[in-house]
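Asker: Sharing a structure with you now.
The values are calculated or read from the model by the stated rules, or taken from the named source; none is laboratory data. If you're wondering where the values come from, they're calculated on a predicted model, not measured in any experiment. Heads up, the Cβs are rebuilt from the backbone with ideal geometry, glycines too, and the neighbour counts pull from every protein chain shown. We work out accessible area using only protein heavy atoms, side chains counted, and drop any ligands, DNA or RNA first. Shrake-Rupley method; radii C 1.70, N 1.55, O 1.52, S 1.80 Å.
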Amino acid sequence: MHKGKETVLIVLFFSILHSSYAQMDLRSLLVLAEKNYPAITAKQAEAEAARVNVSLEKNKMLPSLDAAYQVNYSTYNNITGMSYPGNLMPISGPPTDDNYDAVPGSAASMTLKWSPITFGRRSASVGYHEKLYEKELAGVKDEVLRVKFQVAFTYLEIAATRELIKAYEKNVARTEFNLKKISSLVRTGIRPAVDSLMFKGELSKTRVALYDLQNQLETQKQELAELLVTEELKDLTINDFIFKSLPTPQLQTDSIQNPMLHMAMFDVEAQKFSLTQIKRSWAPSIEFWSTVYGRGSGIGFDGTIDKQDGWSFSRYNYGVGLQLVFPILDLTNVSLRTRQQNAKLESSRNYLHQTQINLKRQELTAAGNLTTSLKIAKEVPLEFEANESAYKALQIRYNSGLVDYTALIQAQYDLLNAEARLKNAYINSWKSLLKMAVIRGDMNIFLNQIQN
């Protein structure tokens with residue numbers, strides 16, 4: 001008996017747990033979309049690559065140390081053995097007579113190069129990559145905001161379609177009731193038989209409209225499932241709050257924190273650093289060099305040949321030095337590149353200005369839409385109540401033979417349309433608030449007014 005009770009309790013526990021997990025409110029949907037959507041992950045990877053670029057640029061402050069080893073078989077008159085370019089610093093040996101017999105040679109070296117002074121070029125390059133990284137981070141936020149907007153907007157669409165389905169189901173029920181009533185009136189001779197036929201057609205029409213809405217709901221659910229990157233969409237928790245309460249209007253503000261604006265700002269800053277880098281590319285380069293060099297040769301200093309010595313080191317050199325390099329003839333290229341970069345900077349500034357204008361206009365439009373939606377939402381309930389009363393009165397008059405079929409069916413459609421406008425008016429108000437939140441770059445403007 002005890003084991004049976006334990007089994008039942010475990011089943012009930014997992015059933016409750018699964019049931020609570022299956023219910024997903026709007027905030028849960030937003031979290032899931034941010035976690036799963038591939039485009040967001042892709043943006044995050046791009047931002048990580050940009051962050052590593054900053055580290056790579058900073059690492060250029062460190063000296064480079066290269067080690068090299070070579071062996072060769074070359075002509076006698078090259079007494080040190082042949083030095084291949086790129087790694088071994090050439091150090092000449094004693095001269096020898098022309099002799100083209102081949103002898104072995106070997107060499108190894110370690111070369112240190114350090115450029116601690118770049119006259120601002122390196123810091124400008126680091127600043128450039130830092131701004132690109134910040135731009136990529138803003139790009140991640142922009143993608144997250146875009147996806148969250150789509151999820152929230154689809155959520156509101158689903159909520160509206162569900163409410164419309166309820167309204168159309170009531171309309172089907174009204175039509176079925178009227179058909180039964182009319183059939184009774186036709187049998188008693190109060191109404192003509194054609195009214196019964198007409199209502200049968202209306203019943204079919206209302207059912208088709210309901211089926212279309214049900215199909216539309218399934219399509220919207222599929223769109224939401226795609227945004228959540230899931231094959232099966234769990235039950236949504238849609239509170240009646242959004243159809244009973246209206247959002248509070250938001251005051252206009254100059255503080256727009258949209259990621260698109262930040263991306264444009266960081267791009268301008270990056271172009272400024274790039275311009276500084278180009279202007280300072282004409283400055284001299286100061287490089288510290290150091291090398292330790294060991295070599296072996298099959299030729300002695302007196303000209304004797306001992307090929308075995310070519311495979312081991314017999315001579316050693318070292319050196320440290322300072323090198324100053326000044327690109328004298330590069331001034332024309334620097335001037336042209338500066339003009340080019342100035343044009344890019346001007347383009348970035350104008351794009352930033354255009355982004356500011358667009359976002360401000362969108363904010364004003366969203367604010368105007370919200371105000372209008374709120375006005376409509378306050379008027380439509382009066383229309384719905386009037387149409388509901390009119391429909392009930394016409395039902396009585398029709399049953400009494402005082403009005404014809406056309407007046408009754410028109411009143412029924414007026415009631416359906418008024419109820420649909422009522423639901424859409426509330427949803428449109430929340431959509432307007434959602435758009436304003438996205439334009440300002442803060443989803444909390446919308447979420448803080450939603451009760452789940």
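Asker: Kindly list the number of the only condition in (1) open to solvent by 30 Å² or more (accessible area, probe 1.4 Å); (2) among the aliphatic types (A, V, I, L, M); (3) more than 29 Å from A124 (Cα to Cα) that fails for I299.
Answerer: It fails just one condition, (1).
Asker: Continuing with this model, one more query. Pairs needed: first member in region 176-202, in contact (Cβ under 8 Å) with a residue 12 or more places away in the chain; second member anywhere, open to solvent by 90 Å² or more (accessible area, probe 1.4 Å) and assigned to a helix (DSSP H, G or I); C-beta distance under 7 Å; at least 6 residues apart or different chains.
Answerer: What qualifies is L179/K200.
Asker: So in region 230-270, with the set limited to residues that are part of a loop (DSSP other than H, G, I, E, B), open to solvent by less than 70 Å² (accessible area, probe 1.4 Å) and β-branched (V, I, T), which one is modelled with the lowest pLDDT?
Answerer: T253
Asker: When residues of region 29-68 are filtered for being assigned to a helix (DSSP H, G or I), hydrophobic (A, V, I, L, M, F, W, C) and more than 30 Å from K221 (Cβ to Cβ), how many remain?
Answerer: Of the residues in that region, 6 qualify.
Asker: Here's something else I'd like to know. Taking the condition open to solvent by 30 Å² or more (accessible area, probe 1.4 Å), farther than 30 Å from K200 by Cα, in a helix (DSSP H, G or I) and of a type outside the set (D, E), does L324 pass?
Answerer: no
Asker: When you scan region 138-194, how many residues do you find that are within 30 Å of G401 (Cβ to Cβ), assigned to a helix (DSSP H, G or I) and open to solvent by 20 Å² or more (accessible area, probe 1.4 Å)?
Answerer: 17
Asker: Based on what the data block shows, is I450 in contact (Cβ under 8 Å) with a residue 40 or more places away in the chain and not in a helix (DSSP H, G or I)?
Answerer: Taking the combined requirement at face value, the residue satisfies it.
Asker: Looking at the structure I just gave you, is S123 modelled with pLDDT under 95, polar (S, T, N, Q) and either crowded, with 20+ Cβ neighbours inside 10 Å or not in a helix (DSSP H, G or I) (or both)?
Answerer: no
Asker: Quick one: S109 ticks every box in (1) touching a helix residue (DSSP H, G or I) at 6+ places or on another chain (Cβ under 9 Å); (2) crowded, with 20+ Cβ neighbours inside 10 Å bar one, so which box is it?
Answerer: (1)
Asker: Please pick out the residue among T365, T355, T371, T406 that is polar (S, T, N, Q), under 30 Å from F177 (Cα atoms) and assigned to a helix (DSSP H, G or I).
Answerer: T406
Asker: For region 347-361, give me each residue that is farther than 17 Å from V268 by Cα and either open to solvent by 70 Å² or more (accessible area, probe 1.4 Å) or without any contact (Cβ under 8 Å) to a residue 24 or more places away in the chain (or both).
Answerer: Answer for region 347-361, where residues must be farther than 17 Å from V268 by Cα and either open to solvent by 70 Å² or more (accessible area, probe 1.4 Å) or without any contact (Cβ under 8 Å) to a residue 24 or more places away in the chain (or both): N358, R361.
Asker: In region 54-73, which residue that is modelled with pLDDT under 85 and open to solvent by less than 50 Å² (accessible area, probe 1.4 Å) is nearest to E130 (Cα to Cα)?
Answerer: The residue in question is Q70.
Asker: Another question, if that's okay. Determine if region 425-436 includes at least one residue that is in contact (Cβ under 8 Å) with a residue 12 or more places away in the chain, surrounded by 18 or more Cβ atoms within 10 Å (Cβ to Cβ) and under 30 Å from V186 (Cβ atoms).
Answerer: Scanning region 425-436, I find no residue that is in contact (Cβ under 8 Å) with a residue 12 or more places away in the chain, surrounded by 18 or more Cβ atoms within 10 Å (Cβ to Cβ) and under 30 Å from V186 (Cβ atoms), so the answer is no.
Asker: Hey, V380 hits all of (1) farther than 23 Å from S245 by Cβ; (2) open to solvent by less than 30 Å² (accessible area, probe 1.4 Å); (3) of a type in the set (V, I, T) but one; which does it fall short on?
Answerer: Result: V380 fails condition (1) only.
Asker: Something else: Considering region 327-346 alone, what residues qualify as being in contact (Cβ under 8 Å) with a residue 24 or more places away in the chain and either among the acidic types (D, E) or surrounded by 11 or more Cβ atoms within 10 Å (Cβ to Cβ) (or both)?
Answerer: P327, D330, V334, R337, T338, Q341, N342, K344, L345
Asker: A further question on this structure: Please verify whether region 347-360 includes one or more residues that are modelled with pLDDT of 90 or more, over 29 Å from the mean Cα position of the chain (by Cα) and either among the aromatic types (F, W, Y) or closer than 30 Å to M263 by Cβ (or both).
Answerer: No: zero hits.
Asker: So R207 fits all but one of (1) touching a residue at least 40 places away in the same chain (Cβ under 8 Å); (2) surrounded by 14 or more Cβ atoms within 10 Å (Cβ to Cβ); what number is the exception?
Answerer: Condition not satisfied by R207: (1).
Asker: Quickly run through region 168-208 and pick out the residues that are hydroxyl-bearing (S, T, Y) and under 17 Å from L416 (Cα atoms).
Answerer: Residues satisfying the conditions are Y168, T175, S204, T206.
Asker: Quick test of your reading of the structure: Y398 fulfils all but one of (1) surrounded by fewer than 19 Cβ atoms within 10 Å (Cβ to Cβ); (2) on the phi < 0 side of the Ramachandran plot; (3) more than 24 Å from the chain's Cα centre (by Cα). Name the failing condition by number.
Answerer: (1)
Asker: Restricting to region 271-306, what's the tally of residues that are farther than 24 Å from V334 by Cα and not in a strand (DSSP E or B)?
Answerer: Within region 271-306, residues that are farther than 24 Å from V334 by Cα and not in a strand (DSSP E or B) number 7.
Asker: Then there is this: Tell me the residue from Q277, Q308 that is out of contact with any strand residue (DSSP E or B) (no Cβ under 8 Å at 6 or more places or on another chain) and farther than 22 Å from A107 by Cβ, please.
Answerer: Q277 is the lone residue from the list that is out of contact with any strand residue (DSSP E or B) (no Cβ under 8 Å at 6 or more places or on another chain) and farther than 22 Å from A107 by Cβ.
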